1. Rounded to the nearest 0.05, what FRET efficiency do Asn446 and Ile492 have when you use their Cβ-Cβ distance and R0 = 25 Å?
2. Explain nothing, just the number: dipole magnitude of the chain about its Cα centre with +1 on each Lys and Arg Cβ and -1 on each Asp and Glu Cβ, in debye rounded to the nearest 20.
3. Where does the charge balance sit around Leu220 when Lys and Arg score +1, Asp and Glu -1, over other residues with C-beta under 13 Å from its C-beta?
4. Could you work out, for the range 411-457, what percent of all Cα-Cα pairs fall into each 10 Å distance bin, beginning at 0 Å and stopping at the bin that holds the largest distance?
5. What order, most packed first, do the peptides 289-297, 234-242 have when packing is the mean number of other Cβ atoms within 10 Å of each residue?
6. For Glu377, Glu133, what's the largest-to-smallest order of accessible area, 1.4 Å probe?
7. Using a 1.4 Å probe on the protein heavy atoms, what percent of the accessible area of the chain belongs to carbon and sulfur?
8. Along Cα→Cβ, 7 Å out, is where each label goes; now give me the distance between the ones at Ile435 and Phe342 in nm to one decimal.
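The values are calculated or read from the model by the stated rules, or taken from the named source; none is laboratory data. This is a predicted model, so every value here is computed, not measured. Positions of Cβ are backbone-derived with ideal geometry, glycine not excepted, and every protein chain shown enters the neighbour counts. Remember, those area values only see protein heavy atoms, side chains included, never the ligands or the DNA or RNA. Shrake-Rupley method; radii C 1.70, N 1.55, O 1.52, S 1.80 Å.
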Amino acid sequence: MYYLLMFAIIHIMNPSENRSAADVAVISLAGRALTLLGRTMYLAMFGMANPLLNAFNYALNVPNVLFNVVGTAINTVMIPVYTSLLAEERRDEAKKFIDNIISISMVIIGMLVFAGILAAPMISDFVAGPGYEHAAYLTFTLRFLMPVMIFFGFSSIFQGLLQSNGIFRLPAFVSAPGGIVMILYLVFLGDRFGVTGLIFATALGLFLQPLIMVPAMYKLGYRYKFSFDLKNPHIKMAGKLSVPVLISVSSYQINFIFNHTVAFGFGTVAIMDYSQLLVQVFMLTIVYAIASVYFPKMSALWAKADSDGYMDSLRNSLLFTVFIVLPAALGFLLLRYEIMDFLLGWREHGYGSADIVMAGNLLGLFSIGIIAISMKEALDRAFYSTKDSKTPAFFGVLIMGISITSTLILLPRLGPYSMPVAYCISAFLGVLGLIFRLNHKVSFINRSLALNFAKILLAAVVMLLAAGFGRSLSFTGIRLINLLIPAIFGVIAYFAAAFALKIPTLLTIFKREA
């Protein structure tokens, strides 16, 4: 509710960075919401305890984890180098750089796919143990889904190319085809072909992601030509930048595996996954959309040595991120039980009240942590735009270490809640370190920035109080009504407080050009 009202208002204003980010965010959010709806539907249809569905979920996560490491590195180092070349009007070199990136990336990803297909039986035995009843099915699913890394790779590169050329809305739409295909399959063919059909539908949806961007690239004038020049100076630069990024992303994936291993012992993997996914779908989608608009511009400003413009863009991106994420996170925290009851309480394979409480508590903890994670994503890209990938890598490893250590310390007392609590502690400590380090580098913190952050916090507190009052009025037996009343109260209060406090982010959104 909050996001829909926010972005509907922004959309009718004059073109600006904030509007572009908002447009991208609402498109991304719609696509991610379709994916979340598809997941909720197949959990309802097949049941969370379905062993074939568990095999599907795990098999899909393997290429996801592998590509998240490689794909994030590709996209993160590609944009600053490519944007710098465009800013310097070296378009032929920029085009050849993209050709090289595509060729080299596909070779690397192809090798990972081949290795994954060969290793599928060993992965199955390691995860499920010898004698697992559905080992053959898990192996088949792993082998079938490994090639989707190629689709992820093309999608990531195409998104970076289009974003660097000022095209943001289409790249934001890429997750929608997968969600649409999944939903259509479940509605019309799910009962007939079950989980096995879902595997094929998922692969088709992921194939469509890069495909829908091809016409826009063609219109842009890009034509791929094979080039595999490892000695190219821009490729060498990208390679050097990618090593720290790989370390940073790998640290998160190690932490991810560790948390799920611990959660498996408590039998809370499914609930924890769903709670974290729910927060990430809405929050990080917005953050990535904002970053997709500001990141290329900051990279270009840094390449032009425009320090004042760079710092203004950096401050605006941070304020816009906090302006949107903070109130939403507090709303998730306040309405955590109502949200989970609405999403999970009605299903045939739904949870009991104790499970709803656990899911709500996990959602609340992840909502707190996502505030810091959102800031980290924005700060990481601020470093990447200056071609500094070592600092985010260092703090990524530091956050992983703090998270794992905190989990082990808290485990005896907090049990299944130790992972999200450690997630919050490590994320906030890491963000503080990134802020101090970036300020030492570019001195972006000033009195105005601090004052505006304080205003956003005050407006969010007002929103929280208003939503709490609305919650006290929600006494009907209708889950949706109980969720909407406090949400509406909160949205209205937040906008009113933002206007009263004259928060620049909102005033910029409403500012009309003469």
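1. Working: r = 31 Å, r/R0 = 1.26.
Using R0 = 25 Å, I get an efficiency of 0.20.
2. On the way: 35 positive and 23 negative charges, 196 e Å.
Once rounded to the nearest 20, the dipole reads 940 debye.
3. Values: positive: Arg91, Lys95, Lys219, Arg223; negative: none.
Residues close to Leu220 contribute a combined charge of +4.
4. For the range 411-457, the binned pair fractions read 22, 32, 27, 16, 3 percent.
5. Working: 289-297: 25.3, 234-242: 17.6.
The packing order, highest mean first, is 289-297, 234-242.
6. Working: Glu377 35, Glu133 155 Å².
From most exposed to least exposed: Glu133, Glu377.
7. Numbers: 15360 of 22230 Å².
That fraction is 69 percent.
8. Those two pseudo-labels are separated by 3.1 nm.
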